[in-house]
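Read the structure below first, then the notes.
Quick note: the coordinates plus some simple rules give every number you see, no bench work behind them. Note that the structure is a prediction, hence the values are computed from the model and not measured. Glycine gets a Cβ as well: all are built from the backbone with ideal geometry, and neighbour counts include every protein chain shown.
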Amino acid sequence: MIRGGIQSRLRMLAAMLAAAYLLSACGSSGGLDASAPSAAPANYAASVPSGAQLSNGSVAAYRLGSGDKLSVNVFGEADLSGEFLVGDDGRVDLPLIGAVQARGQTVTQFQNAVVARYSGGYLKDPKVSVSVLNYRPFFIQGEVGKGGEYPYKAGLTVQDAVAIAGGYTYRANTGKAFVRRAGQDREVEVQTNQRVAINPGDIIRIPERFF
């Protein structure tokens with residue numbers, strides 16, 4: 001019994017010494033520092049988006065409207081392909097199938113609608129591609145040199161629109177503008193010291209300042 005008790009104490013002592021050694025080793029090598037960031041997983045870079053390639057007003061999100069000029073290409077059917085305008089009624093008149101609704105649709109949605117119409121007894125498995133050649137114009141009014149309708153260009157901002165319209169008049173409030181988005185009923189006030197994007201069909205109003 002005495003020998004067994006001694007052996008038990010020896011095993012316990014050995015375990016304690018081993019634990020103390022391990023703790024000492026961790027301390028000398030830096031151990032696990034809670035303040036240090038953990039390493040990123042190997043596939044971390046692939047899982048992080050590279051940045052939004054599409055923004056408000058991008059081709060993918062853009063909604064067609066009256067005045068947009070489209071290129072419609074029906075593969076292998078030159079007589080059905082060409083350039084077409086979205087009319088005042090929001091539709092595009094195409095060969096054989098007639099008017100197809102475009103206003104309020106994305107390019108992809110309109111393209112799918114054209115495919116569906118040509119598939120309905122006209123063509124077998126039609127291949128159709130649609131792109132926007134010219135966007136509908138934007139409008140600017142109020143205290144600018146020459147208000148009116150101007151061609152839209154990609155990346156247009158309020159500041160760009162003012163410059164295109166001849167700059168501010170001496171009465172203009174240059175600190176703000178009002179923008180009514182295409183298809184909306186109310187204006188939104190924006191600050192001109194920020195880069196505010198303009199979309200096709202938008203209406204910009206530059207207010208008069210109060211002296």
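Once you keep just the Cα pairs under 8 angstrom separated by 6 or more residues, what percentage relative contact order results for segment 84-211? Relative contact order of segment 84-211: 21 percent. With 0.36 nm allotted per residue and the present C-alpha distance subtracted, the D160-D125 stretch has 8.2 nm of extension available. Across segment 63-76, computed HN-Hα scalar couplings (Karplus, 6.51 cos²θ - 1.76 cosθ + 1.60, θ = phi - 60°) run 9, 5, x, 4, x, 6, 9, 10, 9, 10, 10, 9, 4, x Hz from first to last residue, x flagging Gly and Pro. Pairs of C-alpha atoms in segment 83-130 farther apart than 11 Å represent 66 percent of all such pairs.
Order of 111-118, 142-149, 167-174 by packing, highest average Cβ count within 10 Å first?
111-118, 142-149, 167-174
Summarising the label geometry, the points placed 7 Å from Cα in the beta-carbon direction at F210 and L96 lie 6.3 nm from one another.
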